[in-house]
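Colleague: Dropping a structure here in structure tokens format, bear with me for questions.
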Amino acid sequence: MMIHSKPSSGAHVGANKSVSRIMWEVMLALSPATVFGLWCFGWPALFLFIITVASAVLFEAFCIRLKGRAAKPVLMDGSAVLTGWLLAMTLPPWAPWWIGVVGSGLAIILGKQVYGGLGQNLFNPAMLARVALLISFPIEMTTWANVSPLFFSASPGFAESWHITFSGLDFSGLDKPDAYTGATTLGYIKTEFSQNHVLTDILNDYSSVLNFIGWTRGSLGETSTLLLALGGVWLIRQKIIQWQIPVALLLTVTILASVFHLLDSEHYVSPFLHLNSGAMMCVAFFIATDYVTSPNTATGQLVFGAGCGLLIFVIRTWGAYPEGAGFAVLLMNSATPLIDHYIRPRIYGRDRKGKPLEIPKL
Amino acid sequence: MLGFFSKPRIRGGVHAEEHKMLTASQAIVNNFPLPKKLYIPLQQHVGKPAEPLIRVGDEVLKGQLLAYSQGMISAPVHAPSSGIILDVNDYPAPHPSALPIRMIVLETDGKDEWINAPGIDDPFRLSPEDISLRVGAAGIVGLGGATFPTAVKLNMGRENRIDTLIINGAECEPYLSCDDRQMQERSEQIIDGVRLMLHGMEADHAVVAIEDNKPQAYLAMQAAAKPYPQIKVIQIPTRYPMGWDRQLIRYVTGREVPVGCRSSEVGVTIHNVGTAYATHKAIRQGRPLVSRVITVSGGAVGRPMNVEVPLGTLISELFDFCQVNAEQTARIVMGGPMMGDSLPHTGVPTVKATSGILALTAAELKSTDEQPCIRCASCVSVCPAGLRPLDMANNIRVNQLDAAVDIGLKDCISCGCCSYICPSNIPLVQYFKYASGEVAARQQAQHKSEQTKRLMDARNARLERIAQQQREEEQARIAAKLERERLKAEQEATV
């Protein structure tokens with residue numbers, strides 16, 4: 001009996017995980033929060049989501065064709081869809097169509113393919129694109145739609161929605177354009193602080209329960225603390241992501257926020273509000289945990305997560321932007337090679353420096 | 001003291017699907033038909049190959065010495081059955097390359113007649129050195145797959161004052177169950193072998209460590225060890241590679257063997273349960289190692305089983321007996337599916353190292369569709385040796401082998417956990433074995449080129465010396481000639 005098979009070395013059997021399966025499971029974990037976000041923000045959000053994901057796939061296919069390779073097998077790994085999906089989650093739900101297209105282009109071309117494609121990039125592509133968009137197009141990227149769920153009479157219909165997405169922040173088709181937008185919780189707090197108001201006044205109308213569920217202004221898929229956390233915990237249970245980054249990130253924010261809130265509860269928001277707002281949950285479970293751009297070791301991941309948490313808290317509290325999650329992740333991404341250089345597992349039979357251990361005295 | 005209660009954390013490892021029930025539930029098959037021809041490699045162990053002392057045409061009895069051990073680390077080879085020596089020549093090895101190695105071909109006569117070799121009734125009156133000698137003479141090597149000569153280990157044990165002998169009954173590889181069955185069916189003989197090993201090493205304690213997925217083996221071994229307080233049978237967690245000697249040593253004793261040291265230097269020696277059984281047979285019955293229990297399993301095997309076969313049996317005959325479906329077989333693996341090597345064909349013999357032969361179907365195999373590394377770091381978290389396989393693979397891919405060595409290539413134990421877990425199907429162990437071989441080859445090449453350069457320099461110096469000599473001789477000759485001519489001219493002038 002003759003058999004020619006490669007490879008000759010083990011393992012000949014394997015675990016039941018593939019790259020595409022990992023990607024699809026992450027998308028499955030994102031789905032509840034995404035579906036909720038799409039429902040909350042209606043047709044314009046759905047248009048933007050489809051445009052963003054589709055253009056991410058097209059840009060990926062374009063780049064792969066430029067490399068002279070067949071696009072289909074690479075697209076099947078699901079990474080481009082996931083990048084587009086994550087980017088869409090972080091965009092203002094009523095942003096014009098070209099925001100999605102430009103964002104996907106930035107994410108796929110500048111964020112991923114110029115480095116050499118999947119697994120080679122230094123920065124998280126979705127965050128890179130989001131931050132670039134925020135700096136380049138501040139108006140479009142900070143116009144936040146009210147919650148206006150699909151099929152509610154007060155919400156814009158299909159035709160009006162089409163106009164919102166494809167005419168670019170032109171809400172003139174609506175009855176009272178101004179009534180459809182407002183500030184996010186974090187943005188509102190930032191503005192009010194600048195006018196020397198204190199938290200008890202600022203947060204008069206704040207409902208932590210509605211924020212927890214996600215019934216609030218914010219990015220397309222980032223509003224629901226509950227659904228994002230559920231998806232994240234499921235990913236940890238599925239062993240797709242490790243607990244270290246999310247726990248270190250959330251714990252750092254909680255500790256810092258608690259200390260400052262206890263010292264001065266009128267000028268520093270509570271830890272719960274921190275965890276329950278902005279991009280916190282999405283970043284902690286889905287962005288910071290990106291394999292490619294986070295450290296390899298458990299200890300390194302703790303450091304990375306804590307660093308992200310620290311930076312988010314600092315930017316939110318003292319920075320010019322109300323939310324700092326994107327900046328925090330990018331800064332820590334750039335520190336990842338350094339973390340991996342210094343924090344390594346100890347090799348069996350060697351000390352931390354790589355020298356053989358001493359023979360124990362018996 | 002044994003650190004039973006301070007169990008150190010088990011580092012890395014995976015829990016692969018076991019597939020052991022295919023074979024673990026039935027008794028060892030003892031009626032394997034004697035093959036017509038046996039192919040007995042001269043090297044079935046770590047160290048120097050044995051040197052044949054028979055000639056083609058000799059008649060031999062079962063258990064007769066065919067080739068003697070050579071040098072400090074080596075092992076002899078015995079006739080697995082009675083018959084006539086047909087050939088001593090090169091035949092395909094049980095190795096991924098199937099390159100030819102020297103083998104003795106024995107045509108069996110069907111009588112399977114043992115040589116007359118008496119056993120010892122009271123071996124504990126033998127000196128420990130005598131135990132080692134007999135174990136060595138019986139050709140016993142580590143039957144877990146490492147095939148290190150057992151006698152050498154016993155000697156090292158005596159020299160290093162071993163306090164704990166660990167008997168490895170982990171059998172952590174999926175599919176394999178030959179140790180499990182032996183522990184169930186031959187527990188008393190194994191325990192006797194353990195006592196003989198303790199005697200041979202002058203050690204006090206033995207710990208038999210069995211993974212907790214083999215409760216029946218554990219009970220049988222515990223019952224057999226009951227009369228002997230110096231032998232403790234313990235259960236260890238089921239997690240591959242629990243049977244890696246250094247993992248087991250750390251788990252059982254809390255000690256970590258430094259890189260570059262043998263386990264005996266930390267007071268521990270480790271032997272496989274099959275080796276203990278072979279030791280019992282050699283000392284008590286005078287039987288050398290001429291057969292072993294092999295697990296034949298995998299999805300393409302019609303009758304998966306544990307079967308005792310003579311060493312040198314061709315795998316093709318074993319497959320016929322176990323009704324292996326050739327069409328369904330996508331890969332033949334010698335050993336377990338994690339660390340075993342694939343074989344290109346079945347025309348190779350079973351050897352002392354053969355704990356299992358698997359005929360795996362395409363569905364059982366890991367996909368070979370290699371994708372880019374996504375740096376998920378699963379390989380880092382499963383590596384029991386604390387390496388970073390992804391970084392090593394990246395270095396190897398761009399041919400920076402020295403960089404790979406710097407971050408631990410030589411500490412890789414090829415356990416296969418990283419390849420097993422990799423979602424991108426990167427054959428990491430294959431990379432590492434290639435790189436290790438390449439590093440060794442480069443060092444050899446460098447050594448060779450240095451040697452060549454030295455020879456070349458020496459040759460040039462020699463040629464230069466000869467040329468110099470010739471020049472001097474030539475000058476002397478010319479000078480002499482001139483002198484002669486001058487003298488001649490003077491003579492003529494005077495005449």
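The values are calculated or read from the model by the stated rules, or taken from the named source; none is laboratory data. Values in this document were obtained by computation on a predicted structure and should not be read as measured data. A quick note on method: Cβ atoms are made from the backbone with ideal geometry, for glycine too, and the neighbour counts reach across all protein chains shown.
Colleague: Which condition from (1) within 10 Å of chain A (Cβ to nearest Cβ); (2) farther than 21 Å from B:Cys178 by Cα; (3) modelled with pLDDT under 95; (4) not in a loop (DSSP other than H, G, I, E, B) is the one that B:Gln371 breaks?
Modeller: (4)
Colleague: Are any of the residues in the range B:285-302 within 14 Å of chain A (Cβ to nearest Cβ), crowded, with 22+ Cβ neighbours inside 10 Å and at positive phi?
Modeller: Yes: the range B:285-302 contains one or more residues that are within 14 Å of chain A (Cβ to nearest Cβ), crowded, with 22+ Cβ neighbours inside 10 Å and at positive phi.
Colleague: To continue, here is another question. Report whether or not A:Ile255 is in the same structural domain as A:Asn296 (by TED's automatic domain parsing), modelled with pLDDT of 90 or more, of a type in the set (Val, Ile, Thr) and under 30 Å from A:Val292 (Cα atoms).
Modeller: So A:Ile255 passes the test.
Colleague: Sticking with this structure for a sec: Within the range B:308-334, which residues are more than 13 Å from chain A (Cβ to nearest Cβ) and in contact with a helix residue (DSSP H, G or I) (Cβ under 8 Å, 6 or more places away or on another chain)?
Modeller: Selection gives B:Val309 alone.
Colleague: Please name all residue pairs, on different chains or six or more residues apart, with Cβ atoms under 9 Å, provided the first residue is in the range B:430-447 and is under 30 Å from B:Lys366 (Cβ atoms) and away from every other protein chain (no Cβ under 14 Å) and the second residue is crowded, with 18+ Cβ neighbours inside 10 Å and among the small types (Gly, Ala, Ser).
Modeller: Short answer, once both residue conditions are applied: B:Val439/B:Ala404.
Colleague: Would you confirm, using the coordinates I've provided, whether A:Ser194 is over 22 Å from A:Leu91 (Cβ atoms), modelled with pLDDT under 95 and not assigned by TED's automatic domain parsing to the domain that holds A:Phe36?
Modeller: Judged against the criteria, A:Ser194 is a match.
Colleague: So which residues in the range A:117-146 are aliphatic (A, V, I, L, M) and either surrounded by fewer than 19 Cβ atoms within 10 Å (Cβ to Cβ) or in a helix (DSSP H, G or I) (or both)?
Modeller: A:Leu122, A:Ala126, A:Met127, A:Leu128, A:Ala129, A:Val131, A:Ala132, A:Leu133, A:Leu134, A:Ile135, A:Ile139, A:Met141
Colleague: For the structure I just gave you, tell me whether A:Glu358 is acidic (Asp, Glu) and more than 14 Å from chain B (Cβ to nearest Cβ).
Modeller: No, not satisfied.
Colleague: Inside the range A:271-324, can you point out the residues that are part of a loop (DSSP other than H, G, I, E, B), of a type in the set (S, T, N, Q), under 18 Å from the mean Cα position of the chain (by Cα) and within 14 Å of another protein chain (Cβ to nearest Cβ)?
Modeller: In the first step, residues of the range A:271-324 are kept if they are part of a loop (DSSP other than H, G, I, E, B); the result is A:276-279, A:288-297, A:319-324.
Applying the additional criterion that residues be of a type in the set (S, T, N, Q) yields A:276-277, A:289, A:293-294, A:296-297.
Cutting the leftovers down to under 18 Å from the mean Cα position of the chain (by Cα) gives us A:276-277, A:289, A:293-294.
The answer is A:Thr289, A:Thr293, A:Ser294.
Colleague: Also, I was wondering about something else. Could you grab me the full set of residues in the range A:308-362 that are closer than 30 Å to B:Arg246 by Cβ and of a type in the set (D, E, K, R)?
Modeller: The answer is A:Asp340, A:Arg344, A:Arg346, A:Arg350, A:Asp351, A:Arg352, A:Lys353, A:Lys355, A:Glu358, A:Lys361.
Colleague: Going through B:Ser414, B:Ser419, B:Ser424 one at a time, which residue ends up being at positive phi and either touching a residue at least 60 places away in the same chain (Cβ under 8 Å) or within 11 Å of chain A (Cβ to nearest Cβ) (or both)?
Modeller: Testing whether each residue is at positive phi and either touching a residue at least 60 places away in the same chain (Cβ under 8 Å) or within 11 Å of chain A (Cβ to nearest Cβ) (or both) leaves just B:Ser414.
Colleague: Given the range B:156-272, what strands (runs of 3 or more DSSP E) lie entirely inside it while holding 3 or more residues that are surrounded by 23 or more Cβ atoms within 10 Å (Cβ to Cβ)?
Modeller: Details: elements: B:164-169, B:205-211, B:231-236, B:268-272.
Correct list: B:164-169, B:205-211, B:268-272.
Colleague: Name, by its number, the condition in (1) surrounded by fewer than 20 Cβ atoms within 10 Å (Cβ to Cβ); (2) among the small types (Gly, Ala, Ser); (3) assigned to a helix (DSSP H, G or I) that does not hold for B:Ala151.
Modeller: Result: B:Ala151 fails condition (1) only.
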